[in-house]
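Every number here is computed from the coordinates shown, using simple stated rules; none is lab data. Bear in mind that the values here come from a model prediction, so they are computed numbers and not experimental data. Note that we place each Cβ from the backbone using ideal geometry, even for glycine, and neighbour counts take in every protein chain shown.
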Amino acid sequence: MRIGVFVCQCGTNIASTVDTGAVAQRALDYPDVVFATDYMYTCSEPGQQEIQKAIAEHRLQGVVVAACSPRMHEATFRRAVEKAGLNRYMFEMANIREHVSWIGQDKGANTLKAMELVRMAVEKLRRNEPLFASEVPINKRVLVIGGGVAGIQAALDCADAGLDVVLVEREQSIGGKMAKLDKTFPTIDCSSCILGPKMVDVAQKENITLHAYSEVEAVSGYIGNFTVKIRKKATYVDWDACTGCGLCMEKCPSKKTVDRFNENLGTTSAIQIPFPQAIPKKARIQKDACRYFATGKCKVCQKICPTNAIHYDMEDREVVEEVGAIIVATGYDLFDPAPYGEYGAGRYPDVITGIQFERILSASGPFGGHVKRPSDGKEPKDIVFVACVGSRDKSVDRPYCSGICCMYIAKQAILARDHLPGVQCYVFYMDIRSPGKNYDEFVRRAIEEYGVQYIRGRVGKIYPRGDRMVVQGADTLLGAQVEVEADLVVLATGVESSRGAKELAEKLRISYDQYGFYMESHPKLRPVETNTAGVYLAGACQGPKDIPASVAQGSAAASKVLALFARDTIATDPQVAGVLESVCIGCGKCLSVCPFGAIQWKTLRDGSRKAEVLETVCQGCGLCNATCPPKAIQLKHFTDDQILAELDALCA
Amino acid sequence: MEKAVFLPDTELHEALAALSADAQVWVPAGDASKPDLVRFQRYRPGLSVRLDARSLVSAKEVLFPRSEALLRFVKEKDLSVPAGHRLHVDDTRTVPPAVVFGCRPCDARGFLTFDRVFLQGPYRDPYYAERREKTTFVSLVCRDADGACFCSAVGSGPADPQGSDAQLIALPDGYVLRAITQRGAALVEKIGRGPTAEQIQAARDMLDQAGREMVGEGSLTAMDAAFRARFQDAAFWHGHIDKCLSCGLCTFVCPTCYCFTITDEARGLSGERIRSWDACMFPHFTLEASGHNPRPSKVERYRNRVGHKFSYFVSKYGQVACCGCGRCIRHCPVSVDIRAVVRDLPVQEEVHA
Amino acid sequence: MDEKNDKQLRIVGFLCNWCSYGGADTAGVCRFKQPPLLRIIRIPCTGRMDPLFVVKALAQGADGVLVSGCHPKDCHYAVGNFYARRRLELVKRFLPFVGLDPRRFHYTWVSASEGQRWQQVVSEFSAVIQELGPNPGFGQDAVTENAPQAVSSQGGAGDTERCISPRSL
Amino acid sequence: MKTLHSHLEDHFEELELVIGWEIGFEPLRATPAFVRRREDLARLVWNPLCAPNLSVYLPQILKSAEKTEKKVAVCLKGCDTRSLTALIQEGFVDRERLHVIGLPCPGTVDPQALAQARKNRAPVTQVSFQDNLLILHSYEGTEEIPLDSVLARRCRRCRQPNPLLADVVLGDPVPARCDAPSFAHVEAVDSLPLEERRAYWERELDRCLRCYACRNACPLCVCRDRCLAESRTPKWTTQRDSVRDKFLFHMIHALHLAGRCTECGECERVCPVGIPVALFKEKMAQIALDLWDYQAGVDPAATPPLQTFDPSETGI
């Protein structure tokens, strides 16, 4: 190999503490180095031209640049050598700025270290091989998991662009948490009025396939070519036949079924359509509440159904969808306040959660939009809101801020005053977090126009006194203990990761943080990508988010998918593992450790079993390489011989 | 006895020290921590010399080191020449005289196989030749054959002088050392004292006795044809070889296995060309560049080992490439018995009642 | 100036590309001064770390070996460092059994933003290595009882460049 | 060995092959026997000389054996069944194709120790066993040597004399010599100062011939012809006869056995130059026990510790 070495002075960034000329001179003593020089700014246009000129003049087959971090300019130089006709992987960088000149002032020691780093780079380069990206066709269908507002937005954007969309929703209807909200902050517009049309859109788009009351069972494949198994859970109603007329609900004798959509505040029938705007608007039998399933007798719904849609023998069904990209928009769940025993949630009917209050406020809610308290149906005169229940509290393992509660408390207080002008609202809070557009103004309105009393301090205890509740807490601004008597207490429960989030992450092979929120690829610059290529995030599954942020992310994820699908094929990173079949012993250790399921069995003609890398799935971590006993599987560009060459350059 | 001296037990160390003055002296010696672990070691004062014990490994490494640099090379960078460097090769070597003292006759005889290949074949190996010329073999007439020994079966015996320059004959209080070759005579002159007539007589008696002793049953020297006839008999080879682990122990302890591999061990611009022991029981031995291996399993490999020693070498050089030392049998982890394999080679006529 | 003929102590660093290599970059960008012993080999993930690299480096005389990756649960590849820490801890505990000084091997987790922590890790480990001095390696100065009649000096020391350099010819 | 013979006689029709032991070229040598004909069953023996761990043959034999209804019978001592368990765990052996004859084991003889314990020098012509006594006959007379005085090192620390898994167990259970894993020999090395430990291993490994008997006798060394120690690409070791290259080979072996070695001690038994190579793996086993409370070859359903991870693990 003919190698050229270019030592960058980086102005004085390197040259002031490294003798770059001596480093270049020394490089000429290394094997295969036929050209070496130092240059003021190697990354500049003339600097790159210098490299390209030397490649031509000295017939270089490999290039080492000793300069800044490869994380900074490896891509730049790879492009430069590629333009000059070299394979982009016949290039190595020695980091003599961040790792040498900037961290030490002893010029002698720095120069020596720079020489050794160049030597290591040369020795590695001598064992480099040209690598070529392969192209795989893209299946231009997209799977959206989760039919909340983020998922709906993503699905609609993709569908508008002409893509085939598969939308999977775990619940009976799409709409997510937003469908349960009465109004939205800070505009106080009706939640279902703005979400409803989008839900209808989903139902009407011909290129959206909706699997409601369904869950993702398994995901295999890789970017451009995923295979997804979806389990359609049994509803005991043939949705092709059901017209959503609601006759069954009327006649169903099991009217005492707990109404989950209404957050357990009311009752419904065993066969149910969760709410009037549900999409799809189809009935489902809740098996554990149904008289027929309990006793074998009843069948009222079956008799009454005008389209004969009821089938008690229905079973779960599996469908398989092939897609090229996946958007995960599985949303969030709300913190269960049970750990706060001193607040009495669940024990006292008039201590409720924010989402329950949302249903109370809703015209389609359990009380038809009349603000009443659950215990006796009386209109409350005093309402206390308690902020940060399950947020910013290490004692319940929820140290993070849920982001939305400050705002929804303000909204609910305002709405309560709208509904019952005489009601007095109190808010116990730690800090008010209202950084969105028009958000702080909204909170100020609650305080100033609606007279909501904000008390800065934590609530210590909530207990009944007569038919009212006593809220004991501190007012840290006054430095005094306060006690407020209220008819209704609303706990602003925080956001937590959706139940089952971790299990789904395992199926998708994406990372999640310790609270179960999915990890984006980069917190600033790759906010909707994951580290699994072809899987994108939208909405609160990535972390607490309000509606505008979720919608924005839904659109962002859709745009990522559209960008991906703008091409017909996808180039794969060739720095992946490869198997030398003649050495593979078929022990399967690589298969068992691969975090991406990128290795599969291949049977040779002689019947022997060998590992095979799915290059498009492999992410290039090298775990298999470290695990393989005979080292038959090698991570390209980071092979054993390449790493050993670097090591041997230092000591042997 | 032409030239003989008596070496009392008490003067053994003195004699070895004297020989060490102008030669490397190799003796069977116990390990410091494991006295029964006897190997050939370079003599040094305090070494626990064990002429009474058989060495685990043969003395082969004295003339044929486990690895040796055939040459050293340096590529001197010079961009004015097309290669970008000038190659400097250094194959100078210094081989001091050596003495192998107290090996068994089989050990010394084993080198006759080496000689055939390294000295008397179409190519003379200068590395081996120089050592061979400068090394004197003093063997001890063997009186303690064990169950693995079979020197007589390959045409040798416990008093075989072939390959030895001098012979030690153990007496109760010392050794009679008798020269066999000129080189041996030169060595004998340097040590010991004049033997008494009784000592000479006792040594003669011992030699006679040892010379008549048969170690190992039958003869294994004329198996060439039988081997060829058995070559394709898979059941035969499986029957004997299923238990073989395919390690290289048998070849590495063998005094006559001379196969080697040559590799370049380089770092940066300099390195060495190494010759090191190889074994026909190893997979890489016959692995071809295409990836094909004509001896894919232990059956083919072991068959080759038997064939080489008792057939191919015989037809090429007229002698078996085995000295009957029994090390391969004695130390085999699963006691594969090459004698039994060779003995069974001839197809037995079915005896009908 | 010749980097082979000095008394400089050397630490071989194996750093994952995503976290610790970035952390070392961050330390550089922040100009956090560090002793000049460390030479970094970039690997994609600590999951790529075969514990044999550690053993081989120390056997052939690296004065120190430093492995650093993403904090557990922050692995770019989700689980690479979970595997790595088992393997690295195993080898850390094994080294002293064969007489290799375990103080010469350190593994830790540094994120891309922890420039200061990186400075601290390098400074502290360099101080340990300075204190320990040169690593004898394994078999480097072993007296081979049976030095054969050699054609040349035995290659046991491994560093042929030290035996003969172009200049000595 | 009536029971072994009669058991095999009774079941021979179901068997394709029986792997057991027979007397080798001298009475003190038991060697593996591959029996395919009924009349050869009589050659099989079972006694404290039956040292080889026959599980080493199984992956290869099962691969090449014809896929018939018939099974391969294998005689395994207590400790050998741990090796088999590990092989099953890793998918190298199909349990269904085996007929495992488990043999409770009183311990095996260390030939070196036996040679030292003998007073007579004459070759042994006949051996018999009685109540943990070895009775050796030679023309010099009869000697009785207690088995306990000539046990192999591995057997002195045995905690698995009885088979863990078997289709049939022949013989009465034997009490284990150690209740808990014993690492006394490892600890003896650990008690040396660091420098001396290195010097100790340099001295021991200097003898290594790189004949790879230790590797090939190891039932868990599943790479066989693809061993990294002989590989030139990648090149971890050179062909030099240097202590460091030998060391690297043994480190490759030890690290590949980490969390997998069932401590059968075969590597050490077969070493022609007496290097206590099993200590490397015993040290690995000690570490695996300390760190993960894991013992190899005990639970066929377990995953070896380096093949898995635990996010909640702290302190490492």
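Divide the volume of the convex hull around the Cα atoms of the protein assembly as shown by the residue count and you get 232 Å³ per residue. Relative to the longest principal axis of the Cα atoms of chain A, the long axis of helix A:70-83 lies at roughly 60 degrees.
Taken one residue at a time, the phi angles of the range C:75-87 give Karplus couplings (6.51, -1.76, 1.60, θ = phi - 60°) of 4, 4, 9, 6, 10, x, 6, 5, 5, 4, 5, 5, 5 Hz. Gly and Pro are set to x.
The angle separating the long axis of helix A:45-57 from the principal Cα axis of greatest extent in chain A is about 50 degrees. Set against the 2.2 N^0.38 Å expectation for a compact globular protein, the range B:215-266 has a Cα radius of gyration ratio of 1.60. Look at the stretch A:631-640: the mean tally of other chain Cβ atoms within 10 Å of its residues' Cβ atoms is 4. Among C:Arg85, A:Arg392, the ranking by other beta carbons within 10 Å of each residue's beta carbon, starting with the fewest, stands as A:Arg392, C:Arg85. Of the beta bridges in the protein assembly as shown, as assigned by DSSP with both residues counted there, near 55 percent are antiparallel. Candidates B:Ser156, B:Pro294, B:Leu220 compared by Cα position along the dipole of chain B: farthest toward the positive end lies B:Pro294, with charges placed on Cβ.
Over the range C:1-61, the ratio between the Cα radius of gyration and 2.2 N^0.38 Å evaluates to 1.28.
Taken residue by residue and averaged, Cβ atoms of other chains lying within 10 Å of the Cβ of D:19-27 number 4. Taking the number of Cβ atoms within 10 Å of each Cβ as an exposure proxy, the fewest-first ranking of D:Phe92, A:Phe385, B:Phe73, A:Phe6 is B:Phe73, D:Phe92, A:Phe6, A:Phe385.
Between A:Glu379 and A:Cys245, the contour length at 0.36 nm per residue exceeds the alpha carbon distance by 44.8 nm. For the peptide D:250-257, the mean number of other protein chain Cβ atoms found within 10 angstrom of a residue's Cβ is 5. Between B:Leu71 and B:Arg273, the built amide H atoms are under 5 Å apart, and every one of these is 5 or more places off in sequence or on another chain. Evaluated with a Cβ-only charge set (Lys, Arg +1; Asp, Glu -1), the range D:184-307 carries a dipole of roughly 660 debye about its Cα centre, given to the nearest 20. Going 7 Å from the Cα of B:Tyr123 along its beta-carbon direction, which residues of the range B:256-272 have the amide nitrogen within less than 17 Å of the resulting point? Correct set: B:258-264. Built from the Cα atoms of chain B, the convex hull projects on average onto 23.0 nm², one quarter of its surface area. Decide, for the range C:1-137, between rounded, prolate and oblate: order the square roots of the alpha carbon gyration tensor eigenvalues as a ≥ b ≥ c, take rounded if a/c falls under 1.5, and otherwise choose prolate if a/b is larger than b/c, else oblate. Because a/c hits 1.5 or more and a/b fails to exceed b/c, the range C:1-137 counts as oblate. Using only C-alpha atoms and all pairs of different ones, pull out the Kirkwood radius for chain A in Å with one decimal. When all Cα pairs of chain A are included, the Kirkwood radius is 29.0 Å. When shorter helices are ignored and each DSSP H run of at least 4 residues is given -39500 (n - 2.57), the per-residue value for chain D at 222 nm works out to -9000 deg cm²/dmol. With a Förster radius of 41 Å applied to the C-beta separation of B:Asp233 and D:Gln130, the computed FRET efficiency comes to 0.45. The modelled label-to-label distance between A:Met314 and D:Ala180, using points 7 Å beyond Cα along the C-beta direction, is 6.0 nm.
Scoring B:216-225, A:553-562 by mean Cβ neighbours within 10 Å over their residues and listing the highest first yields A:553-562, B:216-225. Checking the Cα-Cα distances for A:Lys233/A:Lys610; B:Lys60/B:Lys190; A:Lys177/A:Lys381; A:Lys287/A:Lys502; A:Lys140/A:Lys233 against a 31 Å cut-off, the pairs over it are A:Lys233/A:Lys610.
For chain D, the equivalent ellipsoid derived from the Cα gyration tensor has semi-axes of 31, 26, 20 Å, listed largest first. Where Rh is the Kirkwood radius over the Cα pairs of the range A:577-636, the temperature 4 °C and the viscosity 1.567 mPa s, what D in µm²/s does Stokes-Einstein return? Once the numbers are plugged in, D ends up at 117 µm²/s. PRE reach from A:Lys53 (point 7 Å along Cα→Cβ): which of the range A:75-96 fall under 18 Å by backbone N? A:80-85, by backbone N distance to the label point. If you wrap the tightest convex hull around every Cα atom of the range B:149-270 and split its volume per residue, you get 250 Å³. For A:Phe385, the residues 5 or more places off, or on other chains, whose built amide H falls under 5 Å of its own are A:Tyr426, A:Val427, A:Phe428, A:Val490. Residues D:Lys71, C:Lys33, D:Lys281, arranged from fewest to most other Cβ atoms within 10 angstrom of their Cβ, appear as C:Lys33, D:Lys71, D:Lys281. Charge tally for B:Gly121 (other residues, Cβ to Cβ under 12 Å; Lys, Arg +1; Asp, Glu -1): +1. Summarising the amide proton neighbourhood of C:Ile41: residues at separation of 5 or more, or on other chains, whose placed amide H is nearer than 5 Å comprise C:Gly13, C:Phe14, C:Leu15.
Is the shape of the range A:387-510 best called rounded, prolate or oblate, per the rule: a/c under 1.5 gives rounded, else a/b larger than b/c gives prolate, else oblate, with a ≥ b ≥ c the square roots of the Cα gyration tensor eigenvalues? Because a/c hits 1.5 or more and a/b exceeds b/c, the range A:387-510 counts as prolate.
Couplings 3J(HN,Hα) of the range D:257-268, computed from phi: 9, 4, x, 10, 5, 9, 6, 6, x, 4, 4, 6 Hz, in residue order, whole Hz [Karplus 6.51 cos²θ - 1.76 cosθ + 1.60, θ = phi - 60°; x for Gly and Pro].
Here the calculated FRET efficiency for D:Lys235 and A:Lys83, from their Cβ-Cβ distance with R0 = 41 Å, stands at 0.75, rounded to the nearest 0.05.
Computed about its Cα centre, the charge dipole of chain D is approximately 980 debye, with only Lys, Arg, Asp and Glu carrying charge at their Cβ. If you take the charge dipole of chain A about its Cα centre, with +1 on Lys and Arg Cβ and -1 on Asp and Glu Cβ, which of A:Gln514, A:Ala557, A:Ser173 is farthest toward its positive end? Looking along the dipole axis, the top candidate is A:Ser173. In order along the range A:452-461, the phi-based Karplus estimate (6.51 cos²θ - 1.76 cosθ + 1.60, θ = phi - 60°) of 3J(HN,Hα) comes to 6, 8, 9, 10, 7, x, 8, 7, x, 7 Hz; Gly and Pro are listed as x.
Cross-link partners of C:Lys7 among lysines, defined as those whose alpha carbon lies under 22 angstrom from its own and excluding same-chain residues fewer than eight positions apart: A:Lys107, A:Lys113, C:Lys33, C:Lys56. Once the Cβ-Cβ distance of A:Ala480 and C:Gln120 is raised to the sixth power relative to R0 = 30 Å, the FRET efficiency obtained is 0.10.
Applying both filters, DSSP loop and at most 14 other Cβ atoms within 10 Å, to the GluC sites (Glu not before Pro) of the range A:409-452 gives A:Glu449. Once the chain from A:His419 to A:His522 is taken as fully extended at 0.36 nm per residue, the excess over their C-alpha distance is 32.6 nm. I need the shape label for the range D:184-307. Rule: rounded when a/c is under 1.5, else prolate if a/b > b/c, else oblate, with a, b, c from the alpha carbon gyration tensor. Because a/c hits 1.5 or more and a/b fails to exceed b/c, the range D:184-307 counts as oblate. Using the rule -39500 (n - 2.57) for each DSSP H run of four or more residues, divided by the residues of chain B, the 222 nm mean residue ellipticity is -7500 deg cm²/dmol.
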